[in-house]
Each structure stands twice: as structure tokens, then as C-alpha cells.
Amino acid sequence: MGGKFRLFILAGMIAILLSVPDRVGAADGDFGEALHWEYEDGLLTISGTGTMPDCGEQGTDTPWYDYKSSITEVTIGDGIQSVGSSVFYQYEALAVLNLPDGLKEIGSEAFSECSALEQVILPEGLETIGSGAFYHCISLLNVTFPSTLKTIKGEAFRNCTSLTDLILPEGLEVAGNQAFGNLQLNCVLIKSKRLSGSYIFEGSTIQRLEFADGVTFLQGYQRTSYIGLLIIPTSVETFSYAPFEYCGSIGQAIYKAKRMHPETGSYTGSTTDLINGTRFFGYSGLKSITLTSDVEWVYSDLCRNCSSLTEIDIQCPKAIGFRRAFSNCSSLERVVWPIENGIFAQYCFESCGNLKEIVLSEGVRKLPYNFASYSNSVEELTIPEGVTYLDAQAFYSMGGLKTVYFNPVRLELVDADSMQSAQWWGTTQSYSIFASCPMVEQFIIGDRVTVIPIGCLQFSAIKELVVPESVQLIGAEAFAYNYGLKKVTWNAINCSQMEVEDKQLSYLFNGCAIEEARIGEKVEYLPAYLFTYCNNLRSLTLNQKLKAIQWAYSNNSHLDYGISGLLTDSPSLTEVNWTPQDCRFAKYAFNYAGVQVFTVADGVKYIPEGLIIGRPGILREVNIGKDLVSYEPQVYANWNEQTVANTTLNWGAKECTTQSPLFPLPEQ
């Protein structure tokens, strides 16, 4: 009984073994309607014509599935136009793949997780690689792409961690999300003229990413983990929104594009081209960028919010644009700015919190509105002699700025390029260039400077100011509201005040706490309202050569004598020693000042109209020197008996020819 049972078990086991296919032997069969397969000793050959059927999840329904673990090589014959989805999913022994010319498509997950596959030569004629087609082929070292390839779908080569180099062909049009995600690549050369996609290399590291000459469009490289060197050629014309945004780290970018702009815009040379930008490298880990001499125009927001950027090398001095190009680059510490016409570079270095040095090259001519506003770590700044235009608030509110060397030889009041941007920035004249820089302690004006702009330096910490002989024109409220300013030395020989846009003159040192003012020995003409509303002024030193106060600027050359207002409403100045020997115009120079004693010094030959005027009842004493020859009838303007009731006149003139009374006092 026992023996018969053992024979029965043995026979059953033999029957079972005979029913299992020979996985290392030979087998064949049909696959779909037009394909035939043969398997022998690890080689699977598929022949026929037409398209290969797609398979279900993980390809378990292929007729050769039982041989999956033994298949080391696959040959797909001529005439077959596609590889079906999931057909060779997770064939871990597959090491060699032979694909036919004329193959047009590889389906999704067709060779996914083939961990032994080392090399793939994709044939000419192939147009589409499906999503996940070679996903997680961890031994894949090399892929050759055909010139006919048009589409690589998402995750097609994701996690192919042994891939080191890629050359993407010229005709490639689309690459899906993470088509090459999570790779460690040495060199990637993209020849595709117009490759569209998004997050193509997400999670990957690339030592060198280069776009070949002829590439015209950039899109979809966001969230690449690392790019050691990025090369953008001159041929690139357009890009889609923020193509390198949120890239973890970009060691160096070589930027050669001549006139690259967002695809939604165009380069016409107008102001609007330069206003509405999109972040090219925005929020990426870009560390260094070189803009080569090929560059002609830099679109807005190029490197805005690149918090890792530490080095900028601009080799294209004649380029324009740059609006917000480097704003909020919080790691940037030093920049050399060579751009000649920077009128459109508004907000270029705004809010660069660690920027310590801005070097303006000698070739710089025009600087824009809010060029470096709120960059609070810059302590010293030099404006070169060659600068011809400074737009409003160019260096507004730079909280750490302490020293300014102001050297422009001749600034223009209105610039042709700035007129284009006036509708956007609301000004056609320089205004408040250094306004609200509260730490500025030294403002050193070069000895060749001829124009000081409107509102040039306001709300600063300067204590002393010297205006050189060369200054010919000064803007309204040029140094107003500098509450710590104590001493002014005015050496400008022939200076007038420029009109503001409403054709009115204004107060140059309005609200300053000036205590001492000295007029240089060579000064001949003083601008109007020079020290008006300087309520702390106690000492004023004049010279002998002064010819007129109120040298007003109008239409470039016209002299318009009005009210001089040298010290209007300056109540602290109680004594004046008038030394100009032949000053012909100084009307209301001391209007409503606090002058109590007015002395016309020896040597003075003429007193102009309206010179002596004060607050009613304030003027106590008038002293006239011995050399006075003549004076205007209304030296003391708007007098009346009450005004001069308590005023004493000490008359020393010996040869004065004027018969009219200086003002009606019995002593005279």
C-alpha cells in the first residue's frame, strides 16, 4: 500500500513538471493580429508588421510573460511601428535591446524598471517616447536619440541614475514633467530649437547644461536641483514664464542672448517692453552670472529674488533694459555697473540687503528711478564725472549710506530716453536722488560739478556742506530737510536756481538747522531762497564781489529777477554785516528775518532796493559805512512809522549822492 502511494505521488509530480513551460528552452506564438514572437535561450524576437498591442498593468498579459526572468535580449523586427505600453515592464534580466528603423513610438512604461539595460540606441524614425518608458532603468549608461524624435513624455527616463550625458536632438518639441527627473548628469546638450515642457529635469543634478547655437526658445527647467554651468546662446529669442525658477543651485550662468524676452511680449524698443517682466531665474539658487558682450537688451526680472547670487559680471556696456534684474538678491555684496544708458533699469538693485559696494564705471551716463533703493548695506557711493542723467529717487532710502562722492560734470535736466518713461515714473526731472538716506554724513561735491538736481539730498545726517565754485544751476529744495546740517560754505561763483515743473522757485535749504553760512570770496551771483526757513542761522559771512541775489533759471538762458529771499523767515539771524561793494539786486533778501542790527560795511558803494527789511519792530539799528555812494530809494521796503519807530540809524557815508531818505528817521 505504501509503495503504491509513493508511485502515485511521483507520477503526479512528473505530470506537474511536464505541464510547466521550458523557460530556458524554446517557444513561440502570435502576439496580436499581425505579430509573431519566438523565444530561445534568453533571446526574444518579435516580427511582423504594424503596431504592437498595449498590455495591462505591469505587462502580465504578454504571451511570453512566463519567460520574463530569463529574457536577456530583445529584438524587434523591421516593419513594427510601435512598442506597446508595459510590454517589457520590469524585465530585470534584459540587457540588450535592438529596435528597428521605422519604429515610431515606444509606449508608456514599455521598458520601465529594466534594471540590467545599459545602452539604448533609439532608431531613426522614432517620434514619441511614452511616459515612464525607461523609468528606473538604473544601469542605463547611454541613450542615443534620433533626429526624428518629437516627444518625450513625463518620467520617460526618471531615476535612470547611471545616465551621465544627454544630447537632445534639434527636432525635439515636447518633454513632459520629470522626463529626466532625479538623474546625476555630467553634460547635457540641448539642440532642440523650441523645446516645450515643465520640470523636465526636476530633482536632477547637471554639471553642465548647454543650449546649442540655433536654440530660440526656453521653457521648463524649473526645480532642477543643481546646474554647475549653464550656457545660454545668442540665438535664444523667447522664453516661457520663469524657465529656471526654483532651481536649487546654479553655480554659474553664461548669458549670451541678444534680445531674449517672454513669449507673450516682443522687443520693439519701446518702454512697455521693459516694464512687464517675468522671472527668468526667479527664486533659483543662481550663484554667478556673466552677461557677455553679445547681450543688447535684458528683460525685466532676470535674476529677481535669486537669494544665492553673489557675483555679477556685466560685459555688455551698451545693453539696455535691466528693470528689476537683480532686485532682492540678498547675498549680493559687490557689483560693477558698466551700463551706459541705464534709464530703464528701474529697481535694478532694489532691496539687495547685503549689497555693500556699487561701483559705477566711468562710462556710465544715465541712472534710473529707484536704481538701488532700500539697499541698506552700501556705505559709500561715487557718482562718476561722466553721468549725464539721474532719474528720481535713484538712490532713495539707502539706510546704510554714509558717504557720497558726487562728481557728474554736467547733468541734463530732461533726457530723451527718460521722456519715454515719464508716463510710468511721473517725472521728467531729477528729483530726490538721495532722499531719505538718513545715515549720510558726508556729501562731497566734485570741483567740476555744474548742476545739482532738484531735491538731491534730503533727510540725511550731513553736518557740513561745501558747494564748489563750478556749480551753475541748483534744483529746488536740493538740500532741504537735512535737520543736522550746521554749516554751509557756498563757493559757487555764478549759480541760479532751476524752476520746478510748475515754474515756481523753492527753498534750497528749507527746514535745515544751519547755524553758520559762508559765501566764498569769488561768488558773484547767488540763487534765490538760498537760506530761507533756516530758523537756526546765526552767522552769515558775505563777500565783496557779490553782484546779485536771485539769479533765476528759465528757458535755459533767461534772467528773471524777482524776490531774492536770501534769508526769508530766518528768525535767529540777528546781525548782518553787508559787505558786497556793488550788489545790484537783493530785493527782500532779509524779508521777515530776525535782523536787529544791519551794518553796511566800509567799502560798500551801493545798496539795492528792498535790501533792509525785517519784521515790524525788530530792526533796532542800521549802520552805514563811510564809502556808500548811492542807494535805491526803497532800501527799507514797505516801511511805515510804526515799523521804524524804535530804529536807530548811524550814518557814516561821506560822499553819498542819493537825496531820498533811506527811511524817514529824524536823525537822517
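Read-outs: derived from the displayed coordinates by stated rules, not from any lab. Just so you know, these numbers come straight off a predicted model, no measurement behind them. FYI the Cβ positions are ideal-geometry reconstructions off the backbone, even for glycines, and counts take in every protein chain you see.
About the Cα centre of the range 23-138, how large is the charge dipole given +1 on each Lys and Arg Cβ and -1 on each Asp and Glu Cβ? Please answer in debye to the nearest 20.
My answer is approximately 160 debye.
To make sure I understand the rule: partners must be aspartates and glutamates, Cα under 16 Å from the Cα of residue 104, and not fewer than 8 residues away in the same chain. Which ones qualify?
Once the sequence-local aspartates and glutamates are set aside, what remains near residue 104 is 54, 78, 124, 127, 173.
How much length, in nm to one decimal, is gained on full extension between residue 466 and residue 287, taken as 0.36 nm per residue of separation minus their Cα-Cα distance?
The span from residue 466 to residue 287 would gain 60.2 nm if fully extended.
If you average the alpha carbon positions of the range 234-252 and of the range 96-150, how far apart do those two centres end up, in angstrom?
28
Between residue 216 and residue 377, with labels modelled 7 Å along Cα→Cβ, what's the label distance in nm to one decimal, could you check?
Roughly 4.2 nm, to one decimal.
Within the range 88-116, what residues put their amide N at less than 19 Å from the label point 7 Å along the Cα-to-Cβ vector of residue 78?
Only 98-105 pass the distance filter.
Figure the gain on full extension for residue 313 and residue 543 (residue separation times 0.36 nm, minus the Cα-Cα span) and round it to one decimal in nm.
Working it through step by step, the gained length comes to 77.7 nm.
Can you give the extra length, in nm with one decimal, that the chain gains between residue 33 and residue 447 once fully stretched, where that is 0.36 nm per residue apart less the Cα-Cα distance?
139.7 nm
Quick check: pseudo-label points 7 Å beyond the Cα along Cα→Cβ at residue 657 and residue 187, how many nm apart are they?
Distance between label points: 9.5 nm.
What are the ³J(HN,Hα) couplings of the range 508-521, residue after residue, when phi is run through the Karplus curve with 6.51, -1.76, 1.60 and θ = phi - 60°? Round to Hz, x for glycine and proline.
Karplus-based 3J(HN,Hα) across the range 508-521 equals 5, 10, 3, x, 6, 9, 4, 9, 9, 10, 10, 9, x, 5 Hz.
I want the local charge near residue 363. Using Cβ-Cβ distances under 10 Å, sum +1 for each Lys or Arg and -1 for each Asp or Glu among the other residues.
0
Which one, 367, 335, 321, projects farthest toward the positive side of the charge dipole computed for the range 321-367 from Cβ point charges (K/R +1, D/E -1)?
321
Report the FRET efficiency, 1/(1 + (r/R0)^6), for residue 439 and residue 170, where r is their Cβ-Cβ distance and R0 is 45 Å, rounded to 0.05.
The pair residue 439/residue 170 has a calculated efficiency of 0.20.
Cβ under 12 Å from residue 109's Cβ, residue 109 left aside: what net charge do those residues give with Lys, Arg +1 and Asp, Glu -1?
Cβ neighbours under 12 Å give a net charge of -2.
With a cut-off of 8 Å between alpha carbons and a minimum separation of six or more residues, what is the relative contact order of the range 126-229 in percent?
With pairs under 8 Å counted, the relative contact order is 22 percent.
Compute, for the range 84-166, the length of the dipole vector about the Cα centre, with Cβ point charges of +1 (Lys, Arg) and -1 (Asp, Glu) only. Units Debye, rounded to 20.
Here the size comes out at about 160 debye.
If you put +1 on each Lys and Arg Cβ and -1 on each Asp and Glu Cβ, how big is the dipole of the range 448-524 around its Cα centre, in Debye rounded to 20?
In debye, rounded to 20, the range 448-524 gives about 240.
Please give the direction-averaged projected area of the C-alpha convex hull for the range 125-234, in square nanometres with one decimal.
Averaged projected hull area, Cα only: 5.5 nm².
In the structure shown, do any of 356/487; 605/654; 287/318; 287/366; 193/256 have a Cα-Cα gap over 21 Å, and if so which?
356/487; 287/318; 287/366
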